[in-house]
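The values are calculated or read from the model by the stated rules, or taken from the named source; none is laboratory data. Note that the coordinates shown come from a computational prediction; the quantities given were computed from them, not determined experimentally. With ideal geometry, Cβ positions are generated from the backbone for all residues, glycine too; neighbour counts draw on all protein chains shown.
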């Protein structure tokens, strides 16, 4: 099924999503050595808050209606902020997402590309 056209249409109504990803972090003799942070801007995806039904269905109670689902087309592109270049992009667990002035962390993804042309990611709200 082709959902990416619909997602891109509604993405125009949503603010851009900023993603910060750590590149190159690793364990070094039992201590974590931080990598560098890279920021991307995504405009061709849509984010919606989880509904009470979603909360019941996903994660066995580990999510709330404060969390979001991000619908992204299979051919997702992002602008890498360090050099302003468009790159192919796929969200990953642990990515930090800024959407509508709130911060989230990608927790899980449901790759639906076998049946359609989208992936759905769940991101939990970061409470400070």
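Please find, among 88, 119, the residue that is over 12 Å from the mean Cα position of the chain (by Cα) and over 21 Å from residue 65 (Cβ atoms).
Sole residue among the options that is over 12 Å from the mean Cα position of the chain (by Cα) and over 21 Å from residue 65 (Cβ atoms): 88.
For region 41-53, give me each residue that is surrounded by fewer than 18 Cβ atoms within 10 Å (Cβ to Cβ) and more than 17 Å from residue 16 (Cα to Cα).
51, 52, 53
Looking at this structure, is residue 98 loosely packed, with under 13 Cβ neighbours inside 10 Å, out of contact with any helix residue (DSSP H, G or I) (no Cβ under 9 Å at 6 or more places or on another chain) and at pLDDT 90 or above?
No.
Need the failing condition index for residue 65 against (1) closer than 18 Å to residue 122 by Cα; (2) surrounded by fewer than 15 Cβ atoms within 10 Å (Cβ to Cβ); (3) modelled with pLDDT under 80, just the number.
The one condition residue 65 does not meet is (3).
Here is a check on your reading of the model: is residue 58 in contact with a helix residue (DSSP H, G or I) (Cβ under 7 Å, 6 or more places away or on another chain), within 22 Å of residue 116 (Cβ to Cβ) and in contact (Cβ under 8 Å) with a residue 60 or more places away in the chain?
no
Take residue 56 and decide whether it is modelled with pLDDT under 85 and either exposed (fewer than 15 other Cβ atoms within 10 Å of the Cβ) or outside any loop (DSSP other than H, G, I, E, B) (or both).
Yes, satisfied.
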